[in-house]
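Engineer: The following block contains the structure, expressed as structure tokens.
The values are calculated or read from the model by the stated rules, or taken from the named source; none is laboratory data. Every value quoted in this text rests on a predicted model; they were computed, and no experiment measured them. Neighbour counts run over all protein chains shown; Cβ positions are idealised from the backbone, glycine included. For the accessible areas, the whole protein counts, side chains as well, though only heavy atoms, and no ligand, DNA or RNA atoms are used. Shrake-Rupley method; radii C 1.70, N 1.55, O 1.52, S 1.80 Å.
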Amino acid sequence: TQLLEQSPQFLSIQEGENLTVYCNSSSVFSSLQWYRQEPGEGPVLLVTVVTGGEVKKLKRLTFQFGDARKDSSLHITAAQPGDTGLYLCAGEEGSNYKLTFGKGTLLTVNP
Amino acid sequence: ETGVTQTPRHLVMGMTNKKSLKCEQHLGHNAMYWYKQSAKKPLELMFVYSLEERVENNSVPSRFSPECPNSSHLFLHLHTLQPEDSALYLCASSQEGGGEQFFGPGTRLTVL
């Protein structure tokens with residue numbers, strides 16, 4: 001069973017600060033997805049990274065896929081209260097429908 | 001309605017009850033999923049249907065019974081559940097073959 005470890009588990013910061021959360025595995029994934037889940041809602045896909053070393057930007061969010069396709073990071077610049085939520089990474093094993101999820105990082109951005 | 005919808009949003013049931021969760025996707029996808037989300041655990045994949053056929057069943061107890069009558073609808077029939085089955089049950093859909101999954105808002109289930 002492939003496992004994804006996310007760190008930190010909890011993060012509470014002030015508005016305007018920068019942060020990085022990590023998603024690590026000992027296994028290789030064909031792609032990795034990042035989701036954000038707000039209370040009472042389902043996860044919403046933010047980005048999919050496919051190529052080792054790939055960097056994708058989504059406004060203030062920067063996603064990076066490790067060269068070996070085993071790990072990924074999410075960096076948020078100048079965090080805002082609207083960024084508050086549970087950030088989940090999920091690795092795809094080929095195209096067999098199965099996504100392996102991490103436990104998530106619960107981010108709170110205080111005004 | 002757009003995206004993936006789930007009903008009910010909240011459900012409280014006793015251990016002897018029978019209930020069903022419903023999921024509907026309006027995205028034209030042909031694969032649908034049931035996940036269980038419990039506190040302090042990763043999302044657990046329960047079932048996958050592709051083109052209305054079950055392609056994944058992750059050792060889920062028989063008290064959970066899925067049904068996929070067509071590519072837009074997915075049900076999860078529940079009977080004689082246990083308190084440890086209390087969780088958020090999420091439905092998702094994707095194009096056949098995997099890739100990006102789109103989630104519904106979930107059903108918060110409490111088993112008394």
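Engineer: Cut-off 10 angstrom, C-alpha nodes, Gaussian network model of chain A. Which of A:Leu11, A:Leu32, A:Leu74 fluctuates the most?
Structural biologist: Top of the fluctuation ranking is A:Leu11.
Engineer: Of the candidates B:Glu100, B:Glu24, B:Glu44, which one comes out as most mobile in a Gaussian network treatment of chain B with C-alpha springs shorter than 10 Å?
Structural biologist: B:Glu100
Engineer: Once you average over the residues of A:99-108, how many Cβ atoms of partner chains fall within 10 Å of each Cβ?
Structural biologist: Per-residue shielding by partner chains comes out at 3.
Engineer: Would you mind checking which residues have amide H under 5 Å from A:Lys98's amide H? H placed 1.01 Å from N; only 5 or more apart, or other chain.
Structural biologist: Residues meeting the criterion, in which the H sits 1.01 Å from N, are A:Glu93.
Engineer: Over all residues in B:52-62, what is the mean tally of Cβ atoms on other chains that come within 10 Å of each residue's Cβ?
Structural biologist: What the average comes to for B:52-62 is 1.
Engineer: Accessible surface of A:Glu41 in the full protein assembly, 1.4 angstrom probe, to the nearest 10 Å²?
Structural biologist: Using a 1.4 Å probe on the heavy atoms, I get roughly 80 Å².
Engineer: Still on this model: Give me the inter-chain shielding for B:36-42: mean count of other chain Cβ atoms within 10 Å, whole number please.
Structural biologist: Averaged over the peptide's residues, the number is 4.
Engineer: Moving to a separate point now. Taking only pairs that are 8 or more places apart or on different chains, how many Lys pairs in segment B:11-112 have Cα atoms under 24 angstrom apart?
Structural biologist: 4
Engineer: Hey, if we sort A:Thr51, A:Thr105, A:Thr20 by accessible area with the 1.4 Å probe, largest down, what's the order?
Structural biologist: A:Thr51, A:Thr20, A:Thr105
Engineer: How large is ³J(HN,Hα) for each residue in segment A:55-60, as worked out from phi by the Karplus curve 6.51 cos²θ - 1.76 cosθ + 1.60 (θ = phi - 60°), to whole Hz, x for Gly and Pro?
Structural biologist: Using θ = phi - 60°, the values come out as 10, 10, 10, 9, 6, 8 Hz.
Engineer: Apply the Karplus parameterisation 6.51 cos²θ - 1.76 cosθ + 1.60, with θ equal to phi minus 60°, to every residue of segment B:59-64 and state each ³J(HN,Hα) to the nearest whole Hz, in sequence, with x for glycine and proline.
Structural biologist: Values per residue, Gly and Pro as x: 6, 7, x, 5, 5, 10 Hz.
Engineer: Let me know the Kirkwood hydrodynamic radius for chain A, please, with Cα pairs as the basis and the value in Å to one decimal.
Structural biologist: 13.9 Å
Engineer: Among the lysines, select those whose C-alpha is under 20 Å from the C-alpha of A:Lys59, and discard any that sit fewer than 8 residues away in the same chain.
Structural biologist: Cross-link targets: none qualify.
Engineer: Within straight cross-link reach of A:Lys70, meaning Cα distance under 18 Å, which lysines are found once same-chain residues fewer than 8 apart are removed?
Structural biologist: A:Lys56, A:Lys98, A:Lys103
Engineer: Taking only C-alpha pairs under 8 Å that are 6+ residues apart, what is the relative contact order of segment B:1-96 in percent?
Structural biologist: About 37 percent, as a whole number.
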